[in-house]
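Written out below as structure tokens is the structure these notes cover.
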């Protein structure tokens, strides 16, 4: 009995030693893995690469520093799929929605629009890969965001001087009208599109009180703000005088035009105020949602009526007609 007991003690001791050795081995392997992962993150951060890695099983999203800065959040987001957005501001909700869109399983090749703290909207293309575990189940999604803002907005710009408004550098009246007619002729109703007319309130008084040079500055800032808000498939033009228009394609849903119009109104007002123009500058916006078989006359007419309603409601506001 004593010999058997001693043998058992020896066996258990050997098991403990082996377990300790194995634990130490796996700890060292894990530590080396963590160190390599840390070095890799440092490399991403140093290169300012906007990268993400979503662990689906742990529901944890890791972001490079540059990517976290872009989305105005931390580098590690736990319980990512169930983030409570009820207490977030509109801007934070929009950033979260863009981030979720980038991380989605079908996100590769997707184009997302990200409105940053400086109110500029940048356009990024998602390049991502989905990795599976040994059982074929989705393990994690990793990818990078590539800034396409300059490339895409160059495609939106007028192609030559005959299409360009000399002062504001957006499409002139003739060019934007032709472009909108082309968009309407190919519109099949599969996506939501919209058209707005924007006018600077009491612009004649602005010119009379502050002079035409200040008026020109306000027109230029208005056009620049509209271009900053644009996505890759939106187009802005100057209809003449103090009136601009924007054609929006592939809007997620019609009711979002209320938010878009409100944001345009606030950003133009804030931008002009930040430029030390002492006279309060506001804008009125008329918006209409595109209908199947619409022509330019019908679309322009509805947007113009909506603009009239906005002015009747005291100006510095917007009206949407679907």
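Computed over the stretch 152-321, relative contact order equals 28 percent, with contacts defined as Cα pairs under 8 Å that lie 6+ residues apart. Extending 7 Å from Cα along the Cβ direction at residue 87 and again at residue 139 yields two label points whose distance is 3.6 nm. Relative to one another, the C-alpha centroids of the stretch 71-97 and the stretch 271-311 are positioned 32 Å apart. Taking each residue as 0.36 nm, the span from residue 212 to residue 254 lengthens on full extension beyond its C-alpha to C-alpha distance by 11.4 nm. The mean sequence separation of alpha-carbon pairs under 8 Å and at least six residues apart, normalised by the residue count of the stretch 49-147, gives a relative contact order of 28 percent.
Length available on full extension from residue 315 to residue 97: 0.36 nm per residue minus the Cα-Cα distance, which gives 75.3 nm.
Every read-out reported here was derived from the displayed coordinates using simple, explicitly stated rules and does not represent laboratory data. Since the model is a prediction, treat every value here as computed from it, not as a measurement. Cβ sites come from the backbone with ideal geometry, for glycine too, and all protein chains shown count toward neighbours.
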